[in-house]
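Asks: I have a structure I would like to understand better, so I am pasting it below and will then ask my questions one at a time.
What follows is calculated from the coordinates using simple rules that are stated; it is not laboratory data. Small disclaimer: the values here were computed from a predicted structure and weren't measured. All Cβ positions, glycine included, derive from the backbone under ideal geometry; neighbour counts span all protein chains shown.
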Amino acid sequence: MRTRLTELLNIKYPILQGAMAWVSEANLAAAVSNAGGAGIIATGGRNLTWVKEQIDLARSLTDKPFGVNVVLMDRNKEEIIDLLCEEKVSFVTLGAGNPVPYFEKLKKAGIKVIPVVPSIRLAKRVEDNGADALIIEGMEAGGHIGKITTLSLMTQVIPEVKIPVVAAGGFADGRGLAAALVMGASGIQMGTRFYASKECIAHINAKNAIVNAQDTDTVITGYMSDHLIRGIKNKMTDKYIQLEKENAPYEELHNLRVGTSRKAPIDGDADWGLVQAGQSLSVIKSIETCEDIINDIIKGAREAINNLKP
Ligand code: TUI
């Protein structure tokens with residue numbers, strides 16, 4: 001399936017694997033790339049040594065292109081970006097902040113730059129500054145989110161830019177890919193469905209929380225601090241939301257949330273950790289290989305397009 005995204009990244013299918021903190025490492029990224037999509041290593045919360053090891057490991061597991069994501073809220077973002085320039089990874093996605101200051105360095109190193117943008121304004125700004133493509137991530141996504149839905153972003157951003165647009169947030173099946181392509185996107189980014197894959201190193205308890213969850217099972221925490229994070233409702237989110245309603249002091253909220261993005265996927269505590277997941281959960285029915293997931297999405301997208309009955 002050829003699109004402007006597959007041409008840009010030299011991949012077979014227009015599917016990126018979302019960067020998920022503590023979940024998206026070399027094994028997952030390589031599995032997605034080997035299956036014809038593009039895997040992404042998530043550097044959020046990680047140190048330089050880990051990032052270098054993961055790039056080396058991914059390169060030993062695949063000869064296909066893969067990317068690396070940088071969370072612009074992280075304190076060590078500058079040194080990670082310098083490392084990525086030395087390593088000359090295929091592409092870099094940048095989220096959770098203003099990516100423009102890092103474009104020059106990355107582009108000089110020959111790296112394709114794909115920022116995540118939450119609005120038309122930032123989409124135009126990254127295009128004007130030389131982004132190769134952009135990702136619009138709607139609030140259906142898991143993890144740190146903006147305030148606009150994927151459909152509204154696709155409706156409003158795609159006509160305003162010329163560079164390829166990747167739609168993210170709420171994609172979990174082939175009909176979603178078809179819908180994004182019909183809207184004028186050049187591909188999709190999908191996180192949660194790959195979280196529940198065989199190759200993903202996350203703890204089985206976190207994967208099972210995804211497989212067992214339904215449409216209404218995620219909640220957003222962080223309305224008070226304006227750092228919205230979506231994850232699967234559990235004991236921690238119940239307590240957090242209760243404290244938010246009671247106007248609890250920042251310190252108390254912070255103490256409850258700190259470390260939770262690791263606690264679920266690494267320690268396997270799906271009650272008091274946070275399984276950061278998007279809203280399209282009911283179609284994720286079992287733990288499959290990345291190859292089966294990608295083949296299912298491509299088959300489903302082709303069927304959806306061929307069977308259109310307007
Ligand atoms: O980055 C994400 N999602 C994430 S990062 C992450 S790691 C983390 N864990 C716990 C707490 C905080 C972070 C978990 N999930 N998605 C990409 C994304 N980027 N979503 C929204 C944005 C965004 C927001 C504002 C991008 C740019 C932006 O620009 C603001 C500006 O400076 O204009």
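Asks: Any chance segment 9-18 includes a residue that's out of contact with any Gly (no Cβ under 9 Å at 6 or more places or on another chain), of a type outside the set (Asp, Glu), more than 24 Å from Asp82 (Cβ to Cβ) and more than 16 Å from the ligand (Cβ to nearest atom)?
Replies: Yes, the conditions are met somewhere in segment 9-18.
Asks: Does Val258 satisfy the criteria of being within 16 Å of the ligand (Cβ to nearest atom), free of Cβ contacts under 8 Å to residues at least 40 places away in the same chain and within 16 Å of Trp22 (Cα to Cα)?
Replies: Here the answer is yes, as Val258 does meet what is asked.
Asks: Still on this structure, I have one more. Looking only at segment 67-76, how many residues end up being outside any strand (DSSP E or B) and touching a residue at least 12 places away in the same chain (Cβ under 8 Å)?
Replies: Total satisfying the criteria: 4.
Asks: Could you figure out which of (1) in a loop (DSSP other than H, G, I, E, B); (2) away from the ligand (no atom under 13 Å from the Cβ); (3) closer than 24 Å to Arg302 by Cα; (4) not charged (D, E, K, R) isn't true of Ile201?
Replies: (3)
Asks: Inside segment 73-101, can you point out the residues that are over 17 Å from Gly130 (Cβ atoms), within 15 Å of the ligand (Cβ to nearest atom) and touching a helix residue (DSSP H, G or I) at 6+ places or on another chain (Cβ under 9 Å)?
Replies: Asp74, Asn76, Lys77, Ile80, Gly97
Asks: Go through the residues of segment 158-167 one by one and say whether even a single one is under 19 Å from Asp226 (Cβ atoms) and buried (at least 22 other Cβ atoms within 10 Å of the Cβ).
Replies: No, because not a single residue in segment 158-167 is under 19 Å from Asp226 (Cβ atoms) and buried (at least 22 other Cβ atoms within 10 Å of the Cβ).
Asks: I would also like to ask the following. For residues in segment 142-177 being small (Gly, Ala, Ser) and not in a helix (DSSP H, G or I), which is farthest from Ser261 (Cα to Cα)?
Replies: That would be Ala167.
Asks: Here is a further query. Are there any helices (runs of 4 or more DSSP H) wholly within segment 245-310 with 2 or more residues that are closer than 25 Å to Thr150 by Cβ and out of contact with any strand residue (DSSP E or B) (no Cβ under 9 Å at 6 or more places or on another chain), and if so which?
Replies: Working: elements: 250-257, 260-263, 290-306.
Here the list reads 290-306.
Table: residues versus (1) within 18 Å of Leu5 (Cβ to Cβ); (2) acidic (Asp, Glu); (3) buried (at least 16 other Cβ atoms within 10 Å of the Cβ).
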residue: Leu122; (1), (2), (3): no, no, yes
residue: Arg125; (1), (2), (3): no, no, yes
residue: Leu134; (1), (2), (3): yes, no, yes
residue: Glu140; (1), (2), (3): no, yes, yes
residue: Lys147; (1), (2), (3): no, no, no
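Asks: Right, another one. Does Val113 fit the bill of being of a type in the set (A, V, I, L, M), within 13 Å of the ligand (Cβ to nearest atom) and assigned to a strand (DSSP E or B)?
Replies: no
Asks: Quick check on Val219: is it within 16 Å of the ligand (Cβ to nearest atom), without any contact (Cβ under 8 Å) to a residue 60 or more places away in the chain, under 20 Å from the mean Cα position of the chain (by Cα) and outside any helix (DSSP H, G or I)?
Replies: yes
Asks: Next question, about the same structure. Is at least one residue of segment 55-62 away from the ligand (no atom under 16 Å from the Cβ), farther than 30 Å from Ile297 by Cα and basic (Lys, Arg)?
Replies: Filtering segment 55-62 down to residues away from the ligand (no atom under 16 Å from the Cβ) leaves 55-62.
With the extra rule that they be farther than 30 Å from Ile297 by Cα, the set shrinks to none.
Scanning segment 55-62 turns up no residue that is away from the ligand (no atom under 16 Å from the Cβ), farther than 30 Å from Ile297 by Cα and basic (Lys, Arg).
Asks: Let me ask you something else. Condition first: under 26 Å from Tyr240 (Cα atoms) and in a helix (DSSP H, G or I). Now tell me which residues in segment 178-198 satisfy that. Spell out the reasoning first.
Replies: Kept after step one, since they are under 26 Å from Tyr240 (Cα atoms), are these residues of segment 178-198: 191-193, 195-196.
Passing the criteria: Thr192, Arg193, Tyr195.
Asks: I need every pair where a residue in segment 146-157 that is closer than 11 Å to Ala185 by Cα has its Cβ under 7 Å from the Cβ of a residue that is away from the ligand (no atom under 15 Å from the Cβ), sequence separation at least 6 or different chains.
Replies: Listed by first residue and then by second, the contacts come to Met154/Ala180; Met154/Met183; Met154/Ala185.
Asks: Output the number of the condition that Val166 fails; it satisfies all remaining conditions of (1) within 16 Å of the ligand (Cβ to nearest atom); (2) over 18 Å from Leu9 (Cα atoms).
Replies: (2)
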